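Below: the structure, in structure tokens.
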Amino acid sequence: MARSRRGGEVGERPRTKAERREQARRERERLRREMARQRRNRRIGAAVLLLAAAGLAAFLLTRPREELPSVESLLAQGDAQAAAGCSEVRTVPPFDPPQLDQAHIGDAVPTMPPLSRYPSVPPASGPHAPSTLPAGIYDQPPPIDQVLHSLEHGAVVIWYDPSAPAAAVERVASFFDGEQGDHTIVAPYDYPAEGSAGRLPAGTEMALVAWHRLQTCREVSLPVAARFASAYRVPTLGGRPYRGEAPEPGFPI
């Protein structure tokens, strides 16, 4: 149907100015109600999100958490080594030639030798970076040349295979991620470019390393790691006598 220039259908009475003003008022009122409805819905949505966030925070704060065992209870578990399928702690010979066992890379050794050159997997001494690796929990494999320098200062490193059970790794990490973590490094051992020397031996989930000391385990075990740190780390866990041979025991890392 044809329409007039004023927007009405042909034959309809043109709207008066007052009618057009009233129609515009009704349209403005409709828009105000729509905007108010949208604001109300946004407020309700925001309130729901705040309540959900508050509930989640309350859950995280009040949920039961596993109590970390005491040092004494861990060191008292004499059967833990057998249960985790661990070897005895063995003494690793120096790097060959021995005069490079404590060498800094960039001085007597231009570049880091391949891991296959080191006397053990993981390595327990040998040419290393001029700087140390700070103590801590690492989710990614750290620079191994820095790890070796930390070992020279009396640190221990708890290497784990990336396929090891996450819960067992987390238990070890939680224990050493605090006041018990001095001179302790927890990290995955995974250096694919180094071939077989860049991964833990088959059937090994955990390797404990100090300067010239190595212990391997079929399973990740916090009691075994604690016992190792009580003998070969400086400061020793639990104040036990130091049994290692780090050249610079207790130096900062």
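The values are calculated or read from the model by the stated rules, or taken from the named source; none is laboratory data. Predicted model only: the values in this text are computed from it and were never measured. Positions of Cβ are generated from backbone atoms using ideal geometry, with glycine treated the same way; all protein chains shown enter the neighbour counts. SASA here: full protein model, heavy atoms, side chains in, ligands and nucleic acids out. Shrake-Rupley method; radii C 1.70, N 1.55, O 1.52, S 1.80 Å.
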**Study point:** For the range 115-191, the Rg and Dmax computed from alpha carbons only, in angstrom
**Key:** 12.2, 35
Study note, to complete from the structure: residue 190 and residue 174 label points (each 7 Å along its Cα→Cβ direction) are spaced in nm at 2.2
Practice item. Obtain the radius of gyration and the Kirkwood radius of the range 131-253 from its C-alpha atoms and give Rg over Rh. Key: 0.93
Review point. Using modelled backbone amide H atoms (1.01 Å from N, in-plane), which distant-in-sequence or interchain residues come within less than 5 Å of residue 105's amide H?
Key: 128, 129
Point to revise | Zone residues, the range 134-153, relative to residue 251, backbone N less than 17 Å from point 7 Å out along Cα-to-Cβ | key: 134-135, 145-153
Review point. So how do 101, 182, 139 rank on accessible area, 1.4 Å probe, biggest first, that is with the largest at the start?
Key: 139, 182, 101
